[in-house]
C-alpha cells in the first residue's frame, strides 16, 4: 500500500481515467462482519449516510464501526470517474477515486458532529495526496456530503479545526468537501479488514489535536 510514483499524486480527468465496467467485477457480503447489520442499502427507516476519506480505508473504517449509534460501515471507492473500479485500478491512480468509508448511522444516537470529530482527530488533513507513508490520490482527505446540512456542518468543523491545528504549527487543511456522488463498494476482503485481520496494516495517524464539536 506504499506508492511513490509522482503520476499518482494528480487526480486524472474523466477523459484520462480508466473506462471501468457497467457491472461490478465481484460480489460483496450482505452483512457487516462486526455488527451483523446490512452492509449496504436498503437500511432501516431513519438511518442516514455519511462518507469520509482519510487515508487507507482499513483503519479508517474501524474508527467508525466502534461508535455507538453507527448501524453499519462499508469501505469503497468514491469521488472519481471510473465506474465499478477494482482495488488494483484505484491503486493505479487512474480512476480518480478515493478510498472511503461509508457510515450508516442513527442520528438519534450518533450525531453527524460526532462523526466529524472522529474524522478530524484520526488522520492528518494537511498532507494532500497522502497519509504518512501512503502516497497517492486514493489517500487524500475528503468529506463527501449528502445534503446542505452536512455541508454546513462539515465546513464549520473544517474552519474550527483549521484554527486549532494552525495554533499548533500545522499547515493548511487540504480536505476536499464535495457532493457524495456514486459509491462503489470495495471487494469482500477489504470490508472490515482489521476485524478479520487484527494484526493487519493500519497507517492511520492523527495530529494529536482534539476537535470538540
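FYI, it's all coordinate maths here, none of it is from the lab. Everything numeric here is computed off the predicted structure, so don't read it as measured data. Backbone-built Cβ (ideal geometry, glycine too); neighbour counts: all protein chains shown.
Laid out as a table, the results:
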item	result
From the C-alpha gyration tensor of the chain, square roots of 5λ in Å	23, 22, 16
Sorted peptide list for 52-63, 112-123, 37-48, 144-155, criterion being average Cβ within 10 angstrom, highest first	52-63, 112-123, 144-155, 37-48
Per-peptide average of other Cβ atoms within 10 Å, ordering 133-142, 101-110, 179-188, 24-33 highest first	133-142, 101-110, 179-188, 24-33
The chain - mean residue ellipticity at 222 nm from DSSP helices (-39,500 (n - 2.57) per run, n ≥ 4, rounded to 500)	-6500 deg cm²/dmol
Relative contact order (percent, whole number), the chain, Cα cutoff 8 Å, 6+ residue spacing	30 percent
